[in-house]
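Note sheet for the following structure.
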Amino acid sequence: LDKYLQEIIKEMRCRGTPIGSTIVAVARGILLKHNREMMEKFGGSLKPNKSWAKQVLWRIGFSKRRANSKAKILPDTFDLIKEQYLIDIKSVVCFEEIPDPLIINWDQTALKLAPSSNWTMKKRGTKRVEIAAIDDKRQITAVFGALLSGDFLPVQLIFTGKTSKCLPKVDFPLDWDITCTANHWSNETTMLRYIDHIIIPYVHNIRSRLQQSPKHPAMVIFKVFKGQFVEALFKKLEENNIIYVIVPANCTDKLQPLDLSINKPAKDYMKTKFQEWYGDIICKQLDDQIHEEVDMKLSTMKPIVSHRMIDM
């Protein structure tokens, strides 16, 4: 296995491909072709994962290099901020008698079309490491919505482009909102669209189902960012009697419910599916005795990622 991996790794490095978690997919493809009984899922003891991949790479002379990034620093008064934030939520819920299905949290998260880590492998002793994947712009934005009752709202997906021609030709669920922006990021227009297409119809439906007044209060929780921290959005919520609570600034990773629960599993799922897909292609290349860069053009990846989102 090491022999095949060494050959493929050398080719990948010559092409400038970052050697990170993709090595797991490559190894999976090799094992499926040559010795699948070694794999745990086929009765063996070998389970290709990050830890195993790092051991293999170390044995053949590679070591880990990480791109620099700043650590997040919580405010000095975080405990007080957290306490007040929770008091605000509890007070609104109790005073307005808001039922669990009408307590909504939404959040935006970027999902890579070709998931890669912020580290790569270079020969031990290398001084400088260029990590192309750290600045990968090929992403989409998913806006997830979750309810205190445990259910989830339809998803909004935002692709990169200026017109609907950039959208993949995929049969998305009818209640999803599929749109685009010039840089795939959520902005004021997409957030107003999200409220019109997903939040308001859902709130009206729940009020009716629970036999509540058409104006019975609902509550949404979301973080501070300029695309949704705008007067037009606040006005639209108020017109529909939807009370909003803002996640305190610089505390998102600690106090944003979706950031603590759904966002990371979604990213992990997409990365796992990418690795499986990548490994299957490597397996076929080995069968056909072909060694070439895997096709990860936008036109290829957007439909694939879209179907993964639907299946998630």
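Pairs are defined by a Cβ separation below 6 Å, a sequence spacing of at least 6 or placement on different chains, a first member in the range 42-53 that is under 13 Å from residue 279 (Cβ atoms), and a second member that is at pLDDT below 75; the pairs so defined are 48/24; 48/27; 48/28; 53/23; 53/24. Being crowded, with 18+ Cβ neighbours inside 10 Å, modelled with pLDDT of 85 or more and over 18 Å from residue 223 (Cα atoms) is the requirement here; does residue 115 meet it? In short, no.
Going by the conditions given, is residue 199 of a type in the set (A, V, I, L, M, F, W, C) and either crowded, with 17+ Cβ neighbours inside 10 Å or in contact with a Leu (Cβ under 8 Å, 6 or more places away or on another chain) (or both)? So residue 199 fits the description; yes.
With the structure loaded, tell me whether residue 93 is surrounded by 14 or more Cβ atoms within 10 Å (Cβ to Cβ), out of contact with any strand residue (DSSP E or B) (no Cβ under 7 Å at 6 or more places or on another chain), modelled with pLDDT of 95 or more and not in a strand (DSSP E or B) or whether it fails that test. Considered against the rule, which asks whether it is surrounded by 14 or more Cβ atoms within 10 Å (Cβ to Cβ), out of contact with any strand residue (DSSP E or B) (no Cβ under 7 Å at 6 or more places or on another chain), modelled with pLDDT of 95 or more and not in a strand (DSSP E or B), residue 93 comes out as no.
The residue that is farthest from residue 97 (Cα to Cα), counting only those in the range 246-278 that are buried (at least 17 other Cβ atoms within 10 Å of the Cβ) and of a type in the set (A, V, I, L, M), is 270. Does the range 219-276 hold any residues that are small (Gly, Ala, Ser) and more than 15 Å from the chain's Cα centre (by Cα), and which are they? Listed by number, the residues that qualify are 227, 232, 249. Entry remark, the range 239-289: residues being in contact with a helix residue (DSSP H, G or I) (Cβ under 7 Å, 6 or more places away or on another chain) and in a strand (DSSP E or B) number 5 in total.
The values are calculated or read from the model by the stated rules, or taken from the named source; none is laboratory data. Bear in mind the structure is a predicted one, so any value in this text is a computation, not a measurement. Note: ideal-geometry Cβ built from the backbone for every residue, glycine included; neighbour counts use all protein chains shown.
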